[in-house]
Amino acid sequence: MIIELPDTTVGKIAKALVSVREEGGAVALGRVLTLIIVTRHGAEEEVIEAANDASREHPMRVVVLMSDPHGPDADADPRLDAQIRVGGDAGASEVIVLRAYGAAGNNSESLVTGLLLPDAPVVAWWPRDTPEKPSRSSIGKIAQRRITDAATQPDPGAWVAGLGEHYAPGDTDFAWTRLTRWREQLAAVLDQPPYETVTSVDVRGAADSPSTALLAAWLRLKLDVPVNWTYVDPEEWEHGIKSVRLVRPSGETLLERPAPAIAVLTQPGQPSHDLAFPRRTLRECLAEELRSLDPDLLYGRVITEGWQLLESTVTQEGNG
């Protein structure tokens with residue numbers, strides 16, 4: 001069910017939510033958090049779909065805030081249009097879509113504060129246009145967790161390099177979340193015989209893959225060995241991480257993608273193994289980040305300590 005509320009106020013939206021719960025039986029008691037998505041006009045449906053899918057694992061209230069103070073509607077008369085989605089149009093969540101025009105979008109915090117679930121954690125997600133310091137933004141200040149996505153930034157490599165400068169506990173980035181399968185597989189390899197020390201590491205990925213740098217920083221932090229990471233030519237590999245090579249006394253272990261959804265694990269003295277390695281969807285990344293609302297301390301160490309170690313030792317080739 002979709003309820004349109006043109007030219008409205010936050011108070012009227014809150015009353016409409018109460019009416020929906022009383023008349024339709026949609027209750028907020030099972031909601032475990034409030035997810036605030038800050039996006040732009042016309043770019044909301046993809047992220048709403050991802051949130052709806054994730055809500056089946058994490059029932060929540062989703063508040064989608066759209067305003068563009070520098071866009072074509074910046075000089076429009078102040079107005080707030082809203083839409084409430086429940087039932088089949090909202091997964092296991094309540095979705096409140098706010099479209100702010102003109103000066104109505106100047107104070108983001110005031111638009112969402114009255115719509116937050118009482119005594120529930122708040123997660124903020126910027127799918128694209130992200131403040132330079134998320135934790136100090138008006139929305140970031142009221143959120144326990146703050147999610148950004150380096151892959152959608154104009155310069156993903158520069159964004160990743162600057163993550164540690166403005167890090168605050170509770171920050172995370174989907175460039176890190178997309179590494180989960182790689183980290184799990186590499187950790188599993190090192191947990192098996194031969195239990196030899198890794199002497200060096202080589203990481204390769206596409207030029208549009210900020211996860212490549214974060215994986216290199218994680219390996220540098222955890223293994224404390226030289227890590228070389230490179231961005232390969234787009235004609236060789238277009239998207240995502242291409243390969244990780246671990247050098248040990250008995251030989252090299254290579255985890256490499258010959259195709260986007262498949263990885264091949266090659267180890268000395270063992271047959272090669274084909275592994276399912278598809279790129280992670282927005283829904284998967286969002287659902288993973290919502291499983292724990294505590295600060296991701298390892299992520300914080302990787303983008304600060306790991307990145308500093310990586311920069312001090314690595315020879316970067318072709319990652320301009």
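The values are calculated or read from the model by the stated rules, or taken from the named source; none is laboratory data. Since the structure is predicted, the reported quantities are computational estimates derived from the model, not experimental observations. Note: ideal-geometry Cβ built from the backbone for every residue, glycine included; neighbour counts use all protein chains shown. Side chains included, ligands, DNA and RNA excluded: accessible areas come from the protein's heavy atoms. Shrake-Rupley method; radii C 1.70, N 1.55, O 1.52, S 1.80 Å.
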Here the qualifying pairs (Cβ atoms under 7 Å; residues six or more apart or on different chains; first in the range 1-12 and within 24 Å of residue 91 (Cβ to Cβ) and open to solvent by 90 Å² or more (accessible area, probe 1.4 Å); second outside any loop (DSSP other than H, G, I, E, B) and at pLDDT 95 or above) come out as 4/83
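Condition check ((1) within 18 Å of residue 298 (Cβ to Cβ); (2) without any contact (Cβ under 8 Å) to a residue 24 or more places away in the chain; (3) open to solvent by less than 20 Å² (accessible area, probe 1.4 Å)) across all residues:
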| position | (1), (2), (3) |
| --- | --- |
| 148 | yes, no, yes |
| 152 | no, no, no |
| 157 | no, no, no |
| 170 | yes, no, yes |
| 181 | yes, no, no |
| 184 | yes, yes, no |
| 192 | no, yes, no |
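Restricting attention to the range 100-114, which residues are aliphatic (A, V, I, L, M) and in contact (Cβ under 8 Å) with a residue 40 or more places away in the chain?
111, 112
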The condition from (1) buried (at least 17 other Cβ atoms within 10 Å of the Cβ); (2) in contact with a His (Cβ under 7 Å, 6 or more places away or on another chain); (3) under 24 Å from residue 230 (Cα atoms) that residue 290 misses is numbered (3)
Can you say whether residue 168 is within 19 Å of residue 289 (Cα to Cα) and in a helix (DSSP H, G or I), as far as the supplied structure shows? no
When (1) out of contact with any strand residue (DSSP E or B) (no Cβ under 6 Å at 6 or more places or on another chain); (2) without any contact (Cβ under 8 Å) to a residue 40 or more places away in the chain are applied to residue 197, the one that fails is (2)
* **Qualifying residue in the range 62-82 (condition: part of a helix (DSSP H, G or I), touching a Gly at 6+ places or on another chain (Cβ under 9 Å) and farther than 20 Å from residue 284 by Cα)** => no
Reported set for the range 205-243 where residues are among the β-branched types (Val, Ile, Thr) and either farther than 21 Å from residue 258 by Cβ or touching an Asp or Glu at 6+ places or on another chain (Cβ under 8 Å) (or both) is 225, 227, 230
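Touching a strand residue (DSSP E or B) at 6+ places or on another chain (Cβ under 8 Å), of a type in the set (D, E, K, R) and within 28 Å of residue 152 (Cα to Cα): does that describe residue 252?
Answer is no for this residue.
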Of (1) over 17 Å from residue 177 (Cβ atoms); (2) in a helix (DSSP H, G or I); (3) among the charged types (D, E, K, R), residue 288 fails just (1)
